[in-house]
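The values are calculated or read from the model by the stated rules, or taken from the named source; none is laboratory data. Computed from a predicted model, the values in this text were never measured in an experiment. All Cβ positions, glycine included, derive from the backbone under ideal geometry; neighbour counts span all protein chains shown. With ligands, DNA and RNA removed, areas are computed over all heavy atoms of the protein, side chains included. Shrake-Rupley method; radii C 1.70, N 1.55, O 1.52, S 1.80 Å.
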Amino acid sequence: MKIKVLGSSSGWALPRIGCSCKICSSTNQKDKRSRPSILINDSILIDAGPDVYHQFLRLEISKVDSIVLTHSHPDHIFGLHDLIPKKFKAMKGVPIHGSEKTWTTFNRLFPNAGYKKEIFEEYIPFEAGGLKFTPVPVVHSKSAPTVGFVIEDGNSILCYFSDFRSFSKEEDKKYFEGVDCLFLDGSVLKNPFPVWTNKWGHISIIEGIKLATECRTKKTIFTHIGHRTIPHDDLSELLRKKGEFYPAFDGMDLQV
Ligand SMILES: [Zn+2]
Ligand SMILES: [Zn+2]
Ligand SMILES: [Zn+2]
């Protein structure tokens, strides 16, 4: 599978307006992060946050064949307004795969958008762009039920879990076992967020390293990288010492 990272930030793009922290004042292009999204095999888009229009322009993407949604938080679906088939003819007939709940929110926000609706059920594999997607429910948000995807092309297995506090069932750890590449929530470095609950929100990078190590993933890329982390090069250095762990960056290309 060919992967392109369109965006690698958490809910808000980096730098944040008016902030002078180390990340926001960094001159490294890799510290400029837009909302999280990846493109697989030049044709399957996972999530479409508010920056998707400019991601398409910047990376010269003019068309996708299917869109797959993890959940209905703004950083994952608000960009779909800019891609609506009425305005963007290449989107005509493009199916959007989402859960029933994601579609309910989507329809309320963008009624009559003209997208082709495809509903998936948790744990039931579906096909998009010739790949097998298994949606695995995760603990992340009460109001926006969230899934991560296990994506298979017959040769390799990619997991995309951008918004993740924990699995909803302990036994679901099996989905990470020995996978070729795991994209995992990198919103915060040390303490899971928010700290006052263990029911929702985001795992920390430190915990993510433990989980991925336990599951013997071959390679783990942290994405959805937020403000409570460290600049790209420092993070890259920290992760390198732990094994096959890398921070994503906007425009990153990889082959899985
Ligand atoms: Zn998110
Ligand atoms: Zn900052
Ligand atoms: Zn979210």
Task: In Hz, Karplus ³J(HN,Hα) per residue of the stretch 13-21 (6.51, -1.76, 1.60; θ = phi - 60°; x = Gly, Pro) - done: 5, 10, x, 7, 5, x, 9, 10, 5
Task: Check: the chain dipole with +1 on Lys, Arg Cβ and -1 on Asp, Glu Cβ, in debye - done: 580
Task: Whole-Hz ³J(HN,Hα) from phi, Karplus 6.51 cos²θ - 1.76 cosθ + 1.60, for the stretch 28-45, glycine and proline x - done: 5, 4, 6, 8, 8, 10, 10, 4, x, 5, 10, 10, 10, 6, 6, 9, 10, 9
Open item on the list: Whole angstrom only: what separates the Cα centroid of the stretch 51-68 from the Cα centroid of the stretch 165-243?
Closed with: 26
Task: Rough spin-label spacing in nm, given labels placed 7 Å along Cα→Cβ, for GLU244 and LYS142 - done: 3.9
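Rounded, prolate or oblate: which fits the stretch 200-247, taking a ≥ b ≥ c as square roots of the Cα gyration tensor eigenvalues, rounded meaning a/c under 1.5, else prolate when a/b beats b/c? Don't jump to the answer; show the numbers that get you there.
Values: a/c = 2.09, a/b = 1.13, b/c = 1.85.
It comes out oblate by the Cα gyration axes.
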Open item on the list: Among the listed pairs LYS4/LYS117; LYS218/LYS242; LYS117/LYS218; LYS4/LYS30; LYS2/LYS63, which have their C-alpha atoms separated by more than 23 angstrom in this model?
Closed with: LYS4/LYS117; LYS117/LYS218
TODO: Quantify, in whole percent, the carbon and sulfur part of the accessible surface of the stretch 6-51 (1.4 Å probe; protein heavy atoms only).
DONE: 53
Task: Projected area averaged over orientations for the stretch 142-251, convex hull of C-alpha atoms, nm² - done: 7.3
Open item on the list: Which of rounded, prolate or oblate describes the chain when judged by the alpha-carbon gyration tensor and an a/c cut-off of 1.5?
Closed with: rounded
Task: Cα-based Rg / Dmax (Å) for the stretch 122-174 - done: 11.4, 36
- [ ] With just the Cα atoms of the stretch 1-146, tell me how far they stretch along each of the three principal axes, in Å, largest first.
- [x] 43, 34, 32
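Tally Lys/Arg at +1 and Asp/Glu at -1 over every other residue whose Cβ is under 12 Å from the Cβ of LYS142; what's the total? Display every interim value, and only then the final one.
Values: positive: LYS101, ARG165, LYS199; negative: none.
In short, +3.
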Task: Charge dipole (the stretch 79-224, unit charges on Cβ, about Cα centre) - positive-most of GLY98, PHE183, ILE205 - done: GLY98
- [ ] Per residue of the stretch 216-232, in order, report the coupling 6.51 cos²θ - 1.76 cosθ + 1.60 (Karplus, θ = phi - 60°) as ³J(HN,Hα) in whole Hz, putting x for Gly and Pro.
- [x] 6, 5, 6, 8, 10, 10, 7, 10, 6, 7, x, 6, 8, 10, 10, x, 3
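For a test of the definition: using alpha carbon positions, the gyration tensor, and the 1.5 limit on a/c, classify the stretch 80-163 as rounded, prolate or oblate.
On the way: a/c = 2.30, a/b = 1.31, b/c = 1.76.
It comes out oblate by the Cα gyration axes.
Cβ under 11 Å from HIS224's Cβ, HIS224 left aside: what net charge do those residues give with Lys, Arg +1 and Asp, Glu -1? Numbers along the way, then the final one.
Numbers: positive: ARG33, ARG35; negative: ASP47, ASP75, ASP163, ASP185.
Spelling it out: positives minus negatives among the neighbours equals -2.
Excluding ligands, DNA and RNA, what is the solvent-accessible area per residue of the chain at a probe of 1.4 Å, expressed in Å²? Before the final figure, lay out the partial values.
Working: 11650 Å² over 256 residues.
Heavy-atom SASA per residue in the chain reads 46 Å².
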Open item on the list: Skipping prolines and chain starts, which residues have an amide H placed within reach, meaning under 5 Å, of the one on LYS116, given they are 5 or more residues away or on another chain?
Closed with: GLY93, VAL94, ILE96
TODO: Please list, in chain and number order, the residues 5+ apart from ARG33 or on another chain whose amide H is under 5 Å from its amide H, with Hs placed from the backbone.
DONE: LEU14
TODO: Using per-residue counts of other Cβ atoms within 10 Å, averaged over each peptide, order 184-193, 87-96 from highest down.
DONE: 184-193, 87-96
Task: Spin-label zone in the stretch 19-45 - amide nitrogen under 18 Å from a point set 7 Å from the Cα of ASP233 along the C-beta vector - done: 21-33
TODO: Could you order peptides 140-153, 7-20, 111-124 by the average number of other Cβ atoms within 10 Å of their residues, highest first?
DONE: 140-153, 7-20, 111-124
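Measure up LYS174/LYS219; LYS86/LYS132; LYS89/LYS132 against 20 Å on the Cα-Cα distance and list the ones that go over.
Numbers: LYS174/LYS219 16 Å; LYS86/LYS132 29 Å; LYS89/LYS132 27 Å.
Violating the 20 Å limit, Cα to Cα: LYS86/LYS132; LYS89/LYS132.
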